[in-house]
Each structure stands twice: as C-alpha cells, then as structure tokens.
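The values are calculated or read from the model by the stated rules, or taken from the named source; none is laboratory data. Predicted model only: the values in this text are computed from it and were never measured. We place every Cβ from the backbone using ideal geometry, glycine too, and count neighbours over all the protein chains shown. Ligands, DNA and RNA are excluded from the accessible area calculation, which covers all protein heavy atoms including side chains. Shrake-Rupley method; radii C 1.70, N 1.55, O 1.52, S 1.80 Å.
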Amino acid sequence: MPYFVKLILLIFCLVLLVESRKHRRRRWAGQLEVQKASHIYKKNHDMTKTRKGKSEQLLRVDDHDFTMRPAFGGPAIPVGVDVQVESLDSISEVDMDFTMTLYLRHYWKDERLSFPSTTNKSMTFDGRLLKKIWVPDVFFVHSKRSFIHDTTTDNIMLRVFPDGHVLYSMRITVTAMCNMDFSRFPLDSQTCTLELESYAYTDEDLMLLAFYSSTGWYNRLYINFTLHRHIFFFLLQTYFPATLMVMLSWVSFWIDRRAVPARVSLGITTVLTMSTIITGVNASMPRVSYIKAVDIYLWVSFVFVFLSVLEYAAVNYLTTVQERKARKLREKVRFPCTCGIPHTKTMMLDGTYSEPEAEDNSLAGYTRSQIVIEDDKQDKMVVHLAMSNESNSSRKKGLKGHMGLRIIQNTHGIDKYSRIIFPGTYIFFNLIYWSVFC
C-alpha cells in the first residue's frame, strides 16, 4: 500500500513538471511573437495617423507667425533664385515680346520650419502648405502674361530640410517684353532680359541685385537671353526673290528697242513685284522709326528695277528723236529745191552741173523722150539721173552692207552700256552689303 501511494505521487509530480515546462514554452513563444509584431509595427508605422499635440507637431506651423519674414528685424534674408528654361515657345517681332516655359526655384532658410531628424532627410509637400508659411513675393517685372501650370494638379513643389532650408519650385509660362533693335534685321541678334524682383520687400529684407524705385531700394535679378536669328528663311523668302527680279529687269537690255510693249510690260511687272515683296516684309515687322538692313537691300533692288524702266524711257525718247531727224533728211534729198537758178543747167544726182553745150555728152544713153526740151522764153532746169555701170553683184553687196548697218543702229548705245553697268554695280553693292552686315 505505501508503495502504491508513492507511485501515484511520483506520477503526479512528473505530470506537474511536464505541464509547467509546456506553459513556459508557450509564454516564451508569445513574447517572441509580440516582439516581432512590435518590430514590424515600428517599421511600418505611419506617423501621419498618430495623433499628437501641438507641441509634438513636426513643423510646428501653428506655433509661429508666418506672416512675417524669417529673422524679422534682423539682417536681410538671402533668397537664391534658379531658373531652368524648359522651352522657348515664341518670339514676336511685331509685339516685341517672347514667351517661354521655365522652372522657377527659390532657396531660403526659415528656422521656424526646422524639425528633428535622425536621418537628415527632407520632407516634400505640395502647394497646400504655401498658404500656411512664408514664401518670397518674387514677380517678373516686365511680364505681360504669366501663369502656373495646373495639369493634372498645380505644378508646385515645396521641400523642407531638417535645418530649416526650404526649396520652393514651380512651373511657369511667362510672356515678357523685349526691347529689340532691328537695325541689322534679319542679320541681327537680340538680347532679351527676364527681370525678377520682390514686390514688397526692399533690400533691407531680401538680398537680390540692387534696384531703386520711388518707394525705396529693391533687389532685382537679371536673366539675359541672347537670341540669334537664322538667316536661311529670309534668304528664301526675301533676298532671292528680290535678286531674281533685279536680274529679270536686265533682260530688257537685250530686247529690240522698237518692241515697246515687251519692254514696258517687263519693266512694270518687275516694279510691281518688288513693291509686293517690300509690302510683305513690312507687314510682319513692327513700325520702327529707323532703317533696317533688309530695307536697305530691298529698296536698292527696287531702285535698280526702276532705273531699268527709266533707261528704256530714255532709249525710246532718243530713238524717236533720231528717227525724226532721219526722216527730215530723207525728205530733203528726195525733193530738192529748184528755186533761184537763173540759167538752164543739167544737175546730176551727185550735185554737179553741166553746161548746155555738153548736153549731148551728158545725155548719152537716154532716149529723146527723157530729155526736157528748152523753151526760149523761160529758163528751166534739167535733172539727169547718173546711171552707174556697176554690175549686179556690187549692188547686192551694197544692199547687204546697208541692212547690216541698220541692224547695228537698232541697238542703242545706252543699252550696250547698261548691259555692263547695271550688273557690275549690283554685284558691287552685294559685296559691300554682305561684308558689312554678316
């Protein structure tokens, strides 16, 4: 009996020992699970979902008055400005402005936005935070139009660093005025300035470039853009057509001076074409009070075309005068005057006269019907035709030489000189023009 009781007690003790060990194992496993879970919780913990008081807010925006600039009452706050041009959209010579899309970035330090951080990493916000903090009031001085892009949301970025440094970036399209000088147009280059300035803060509050206005000294940042114009477009649209019109006007120098409709129509056509080219160029340019380089070229070309028309007017007038004189001379030779000769004489066509006794010799070879019978009561003049004994071949040679002389005389001397003077002068003008403006 005592052995049986001892056996039961031993079995009971063993059971208790086994159960206690199982309980300890379960407790240790639970602690490990809690530690793992707590580690995962700490790793994926979202700080924005944790409620904290004002003293525990990260940026402490509500604890400061952000209507005042940083370090108010102290030295001027330096604000860095960075501009990255994305695209130059358009340049208008008529309106004298340019449009570009750019990234405008501001850098400054506001110790009121500093926050503790073990990793020294910055925090990025969108445009909603701008209404709660202080930002520089920088604007474009000579801006005509400007806007911040808002697709798909406002293109504004605000980045705050643990030490209080702030990066403020936005994407803007701005149209600004540009004072252009077209005295060398289209062989010109323009310098357009984009000026940034604080609207309310003077140089005692913001540090930019010095600029004085009626309300005090302000800081201004100048950004210069130098724009070089490509000349190939204007060569095709303006210079080549004008040069071709001038060369076309020279064709009239090789046209017969008696072809009045051909030369007049050619001259009028070239003059009207040059007027159209000049009008088209001026329509796309602003109304300035000085002469442009393209105006010099076009107006000199217009003068050359106009002078070719005047050249033919001079040729036509001189030709008319010459033909009138030649016509009068032919009429005098055809109908000579017989007045004032007192005695009967025989006048030859060469201007020599024969006496009456030599009449038989002078009338050799003529029939009697061809002789004018003298009357005793009245003196008369007899005109004899001097017939040459030259052969028919010599007559043909003289006719051909006379026709060749007429062909040479039809080309007036002014046309001959114009064929050399006009092209030579125009080439000389082009050499001077392109050497000066290029």
May I ask you to list the trypsin sites (Lys or Arg not before Pro) in the stretch 228-287 that are in a DSSP loop and have at most 10 other Cβ atoms within 10 Å of their Cβ? 287
Accessible-area composition of the stretch 248-287, carbon plus sulfur, in percent [1.4 Å probe]: 69
Can you give me the solvent accessible area of residue 292 with a 1.4 Å probe, rounded to the nearest 10 Å²? 10
Roughly how many nanometres apart are two label points built 7 Å out from the Cα toward the Cβ at residue 329 and residue 94? 6.2
Just flag the chymotrypsin sites (Phe, Trp or Tyr not before Pro) in the stretch 279-335 sitting in loop per DSSP whose Cβ has no more than 11 other Cβ atoms within 10 Å. 290
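Taking 0.36 nm per residue of sequence separation and subtracting the Cα-Cα distance, how much length would be gained by fully extending the chain between residue 264 and residue 109, in nm to one decimal?
47.9 nm is the gain from fully extending residue 264 to residue 109.
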Shape call, the stretch 138-274: gyration tensor on alpha carbons, a/c limit 1.5: prolate
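When the solvent-accessible surface of protein heavy atoms is calculated with a 1.4 angstrom probe, in what order do 311, 204, 93 fall, highest first? Display every interim value, and only then the final one.
Details: 311 15, 204 135, 93 40 Å².
These residues rank, largest area first, as 204, 93, 311.
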Solvent-accessible surface (1.4 angstrom probe) belonging to residue 239, in square angstrom, nearest 10: 0
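Based on the alpha-carbon set only, what is the convex hull volume of the stretch 59-110 divided per residue, in Å³? Don't jump to the answer; show the numbers that get you there.
Values: hull volume 7.8 nm³, N = 52.
Convex hull of Cα atoms, per residue: 150 Å³.
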Dipole-positive endmost among 113, 96, 158 within the stretch 87-163 (Cβ charges, Cα centre): 113
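Compute the accessible area per residue over the stretch 198-333, keeping the other protein chains in place, probe 1.4 Å, unit Å². Intermediate values should be presented prior to the final figure.
Working: 8320 Å² over 136 residues.
Here the per-residue accessible area is 61 Å².
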